[in-house]
Amino acid sequence: MRTSELQHEPVSALEDLDVEFGVSADGFPVARIGDTHLAMMPARDGASFLASAWRLVHPLSELTRADFYGHDGRLEDEAAFRARVFETAQHKRELSALRRIQTRMTASTPWGPSQLATVYAEGIVSHMTAGHGGFHLSAERNLRVSPLLRKSSHWYESHD
């Protein structure tokens, strides 16, 4: 969902996204979408950027700058922050409808140990590592990849 679409989205549809807004202990805008937290973090140059964190347990009013570790791009103003929050919530809802299974799975990938795996379908698993990730295909799934693109290792690097 693009920001321009959010401006025309009915308020009831936005409320259905289960978004909670607040102000952090440090005074910047924050939001919670399930186990995802977003913040409009002030930057040193006076601008702001979107910061993120996952699975925080404190109330929004107790969060501080130190709780956030992701940097997800610059923000023009609080309206842009709110739009990005609703866009993220909509994206999370759409992902949930796909019914992918996230799990921890012991796997040694070409990019290091798997920290989180997402099962897309039988024989198709995405692995996230500390610094990178990609997909592992079963032998059967790998045979369905075009011979021009097929790898013998069954591992395909993600290029996010």
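Listing for the model above:
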read-out	value
Carbon and sulfur %, accessible surface of the chain computed with the full protein complex present, 1.4 Å	51
Accessible area of region 59-101 divided out per residue, in Å², using a probe of 1.4 angstrom	68
Calculated [θ] (222 nm, deg cm²/dmol) that DSSP helices of n ≥ 4 give over the chain, each run adding -39,500 (n - 2.57)	-6000 deg cm²/dmol
Rounded to whole Hz, the Karplus (6.51, -1.76, 1.60) HN-Hα couplings of region 27-42, x for glycine and proline	x, 9, x, 9, 8, 10, 10, x, 9, 9, 10, 10, 9, 8, 8, x
Along each principal axis, Cα extent of the chain, largest first, Å	52, 35, 29
Residue 153 paired with residue 26, simple spin-label distance in nm, labels 7 Å along Cα-to-beta-carbon	3.8
Potential lengthening between residue 76 and residue 146 on full extension [0.36 nm per residue; Cα-Cα distance subtracted]	20.9 nm
Rounded tilt (10° steps) of 78-97 against the dominant C-alpha axis of the chain	40
Estimated distance in nm for a label pair at residue 65 and residue 107, the labels positioned 7 Å out from Cα along Cα-to-Cβ	3.8
Per-peptide average of other Cβ atoms within 10 Å, ordering 117-123, 36-42 highest first	36-42, 117-123
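The values are calculated or read from the model by the stated rules, or taken from the named source; none is laboratory data. Keep in mind that what you see is a predicted model, and the values were worked out from it rather than measured. Here Cβ is always computed from backbone atoms with ideal geometry, including for glycine, and neighbour counts include all displayed protein chains. Remember, those area values only see protein heavy atoms, side chains included, never the ligands or the DNA or RNA. Shrake-Rupley method; radii C 1.70, N 1.55, O 1.52, S 1.80 Å.
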